[in-house]
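Readers should treat all values here as calculations from the given coordinates under stated rules, not as data from a laboratory. Nothing here was measured: the structure is a model prediction, and the numbers come from that model. Glycine gets a Cβ as well: all are built from the backbone with ideal geometry, and neighbour counts include every protein chain shown.
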Amino acid sequence: MSARSHITSHVLDAATGTPATGVPVTLSHLSADGWVTLAEAVTDADGRVSQFGPETVPAGRYRVTFDTQAYFASLGQTAFYPEVQVVFELSEVDAHYHVPLLLSPFAYSTYRGS
């Protein structure tokens with residue numbers, strides 16, 4: 001297996017206290033021409049995306065989009081937020097950026113993980 005990606009993610013279903021398996025996730029970079037998709041993935045059985053985009057990326061603005069509607073539909077539930085977008089600045093090009101999402105049908109939160 002290759003080194004982990006520069007940017008990784010994890011989704012926890014806060015309503016059940018379990019990993020959110022099967023969440024489609026997209027990583028995009030803001031270029032002069034607009035948002036460019038770098039990678040698409042689906043969270044694994046532990047709710048993680050560890051191979052997500054290139055091993056290194058340049059400084060700049062990035063966006064992680066979580067398709068929460070697809071996840072909740074797979075559980076037979078509706079979601080108030082059909083998608084969650086987390087936009088952040090990557091400034092430390094040698095640092096690892098982890099973007100976790102705590103999710104429930106009617107709320108979400110995020111933070112810079114380690």
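Calculated FRET efficiency, His96 and Ala70, Cβ-Cβ r, R0 22 Å, to nearest 0.05? Here the calculated transfer efficiency is 0.25. Look at Thr16, Thr8 and count the other Cβ atoms within 10 Å of each Cβ; fewest to most, that gives Thr16, Thr8.
Taking 0.36 nm per residue of sequence separation and removing the Cα-Cα distance, the Asp46/Phe88 pair yields an extension gain of 12.8 nm. Taking the inverse of the mean reciprocal distance over all distinct Cα pairs, the Kirkwood hydrodynamic radius of the chain comes to 14.2 Å.
Working from label points 7 Å from Cα in the Cα-to-Cβ sense, the Phe80 to Ser31 distance is 3.7 nm. The relative contact order of segment 29-114 comes to 22 percent, based on Cα pairs under 8 Å that sit 6 or more residues apart. When peptides 105-113, 40-48 are sorted by average Cβ neighbour count within 10 Å, with the highest value leading, the order is 40-48, 105-113. Sorting 95-102, 28-35 by their mean Cβ neighbour count within 10 Å, with the most densely packed peptide first, gives 95-102, 28-35.
Please report the antiparallel percentage of DSSP beta bridges with both residues in the chain, rounded to the nearest 5. The antiparallel proportion sits near 80 percent. So for segment 2-91, taking the charge dipole from beta-carbon charges (+1 Lys/Arg, -1 Asp/Glu), which of Phe80, Ala59, Ile7 sits furthest toward the positive end? About the Cα centre, the residue reaching furthest to the positive side is Ala59.
With the helix formula -39500 (n - 2.57) applied to DSSP H stretches of n ≥ 4, the chain reaches a computed 222 nm mean residue ellipticity of -1500 deg cm²/dmol. What you get for the chain, charging only the Cβ of Lys and Arg (+1) and of Asp and Glu (-1), is a dipole of about 120 debye around the Cα centre.
Length gained on full extension, Ala14 to Ser109: 33.2 nm, using 0.36 nm per residue less the C-alpha separation.
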